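Inspection log for the structure reproduced underneath, given as structure tokens.
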Amino acid sequence: MAYSDEADLEPVLAPFIADGLAQGDKVLYLTDVTHPAVVTGLLRAWGVRPDEFAADGRLDVRPLTTNDPDSLIGELARTARLARAEGYRALRVTAEMSWGVREGTERLVAFETKVHSLYDSGMAMGVCQYDRRLFDPVVLAEIQRIHQEADTDLEFAGAFLRIHRTGDPPGLRVEGEVDANSLDPLAEALTAAGRRCRGDVHVDLSGVSFIDLSGMRALVDTAQSLGSGRSLVLAQVPKHVHQLFKLIGWDGAPGLRLRGSDGP
């Protein structure tokens, strides 16, 4: 997020933080040039109720402790793992990136390039704050390019679900948790893949940690909608998901083919 003054922050950060707190995420706000007390005041003005959420540990507003890209990513990864262990859905983090002005473009680019691996894991999502008054436009353009390159195949990104387009084989790769909250993005991505792919539609489920009946039903409905001569091929199906399909009897649904991690 690039902003020109503090008034630009509210439309993005207020819902990002409030939605995370409402949905059971841990929220981490990392400051650099702004005192945490000032951020707490801003959140109060935005109606986020920071005192209440800070008291029960759901909201953590604190200064950055390192400007080293690898150390910072390591810290975020540890915080994300701890949040999951404590029962939170995921970690939502927003950070002031003004440290990049002091540390240099090379370190800033290194962080932005590497942090995507954490977001791709499904444990965390983030908003990086870039003050246009501090950064050279050329640097901001480079950061934007990195984000675009990292997300070229991204169909959907949520706190718990990420859907990527795949070209070989043509279809989708689904990662994270599929439930009623993420059903619509999955259904839309499946419909788009059915239109985009001329033959079979392949869906890689190797990264799926949980799927409920509504998600399974969406896969079955898509398979049946593809028409004669085409199939929805579920590849790298986790063992527990494969067992669910068999238990319900959907493993023999028309147009649906299931392949486990060891092949057909």
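Summary table
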read-out	value
Selection within region 195-223 - surrounded by fewer than 21 Cβ atoms within 10 Å (Cβ to Cβ) and of a type in the set (S, T, N, Q)	206, 209, 214
All positions within region 224-263 that are buried (at least 20 other Cβ atoms within 10 Å of the Cβ) and more than 14 Å from residue 202 (Cα to Cα)	241, 245
Residue identified as under 26 Å from the mean Cα position of the chain (by Cα), closer than 14 Å to residue 163 by Cβ and among the charged types (D, E, K, R) among 221, 184	184
Pairs where the first residue, in region 198-214, is at pLDDT below 90 and the second is among the hydroxyl-bearing types (Ser, Thr, Tyr) and not in a strand (DSSP E or B), C-beta under 9 Å, 6+ apart	206/261
Residues of region 63-77 that turn out to be assigned to a helix (DSSP H, G or I), within 15 Å of residue 126 (Cβ to Cβ) and not small (Gly, Ala, Ser), as a count	5
Any hit, region 180-188, residues being under 23 Å from residue 81 (Cβ atoms) and assigned by TED's automatic domain parsing to the domain that holds residue 243	yes
Subset tally (residues that are at pLDDT 95 or above and not β-branched (Val, Ile, Thr)) for region 231-244	3
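For every residue, the table says whether it meets (1) crowded, with 17+ Cβ neighbours inside 10 Å; (2) assigned by TED's automatic domain parsing to the domain that holds residue 129; (3) within 24 Å of the chain's Cα centre (by Cα); (4) without any contact (Cβ under 8 Å) to a residue 60 or more places away in the chain.
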{"position": "8", "(1), (2), (3), (4)": "no, yes, yes, yes"}
{"position": "13", "(1), (2), (3), (4)": "yes, yes, yes, no"}
{"position": "44", "(1), (2), (3), (4)": "no, yes, no, yes"}
{"position": "53", "(1), (2), (3), (4)": "yes, yes, yes, yes"}
{"position": "78", "(1), (2), (3), (4)": "no, yes, yes, yes"}
{"position": "85", "(1), (2), (3), (4)": "no, yes, yes, yes"}
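The values are calculated or read from the model by the stated rules, or taken from the named source; none is laboratory data. All values derive from a computational prediction rather than experimental measurement. No Cβ is skipped: glycine too gets one built from the backbone with ideal geometry, and neighbour counts run over all protein chains shown.
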